[in-house]
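The values are calculated or read from the model by the stated rules, or taken from the named source; none is laboratory data. Model, not experiment: these values are computed from the prediction. Positions of Cβ are backbone-derived with ideal geometry, glycine not excepted, and every protein chain shown enters the neighbour counts. The accessibility values were calculated without ligands, DNA or RNA, using every heavy atom of the protein model including side chains. Shrake-Rupley method; radii C 1.70, N 1.55, O 1.52, S 1.80 Å.
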Amino acid sequence: MRFCCGGPVAMTIEPVRVDVCIATCKRPHLLRPLLESLACQRLSSRVTVRIIVVDNDRSESARAVVHDFAERSPWPVIYDVEPERN
């Protein structure tokens, strides 16, 4: 148990879920290193991650990058397209 603001705080060992949401538009050359850096993160075994990429380009310029990463990703990857700008 640890103390915060003068009172005890129970330490939890419950799983933690983290959704990493990435919005992108016509920048696949910048998206690739971002995704690769996420895969290098060292996390506690109780942390589960899901990566969500929303491409704001109706020509789906990020699709190939995300698909390639998803095949090697340690976590689930979701790709979606929002064709309407902004």
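Residues that are among the basic types (Lys, Arg) and at pLDDT below 95: does the range 34-46 have at least one? Spell out the reasoning first.
Our first condition is that a residue be among the basic types (Lys, Arg); within the range 34-46, this holds for 42, 46.
Narrowing further to those that are at pLDDT below 95: 42, 46.
Yes - at least one qualifying residue is present in the range 34-46.
Yes/no matrix, rows are residues, columns are (1) within 17 Å of the chain's Cα centre (by Cα); (2) at pLDDT below 90:
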position	(1), (2)
MET11	no, yes
GLU14	no, yes
ASP19	yes, no
ASP57	no, no
VAL66	yes, no
PHE69	yes, no
Give the range 69-86 a look and list any residue that's surrounded by fewer than 17 Cβ atoms within 10 Å (Cβ to Cβ), part of a helix (DSSP H, G or I) and touching a residue at least 24 places away in the same chain (Cβ under 8 Å), or say none.
-> ARG72
If you take the residues in the range 27-58 that are free of Cβ contacts under 8 Å to residues at least 24 places away in the same chain and among the hydroxyl-bearing types (Ser, Thr, Tyr), which one is least open to solvent (accessible area, probe 1.4 Å)?
-> SER37
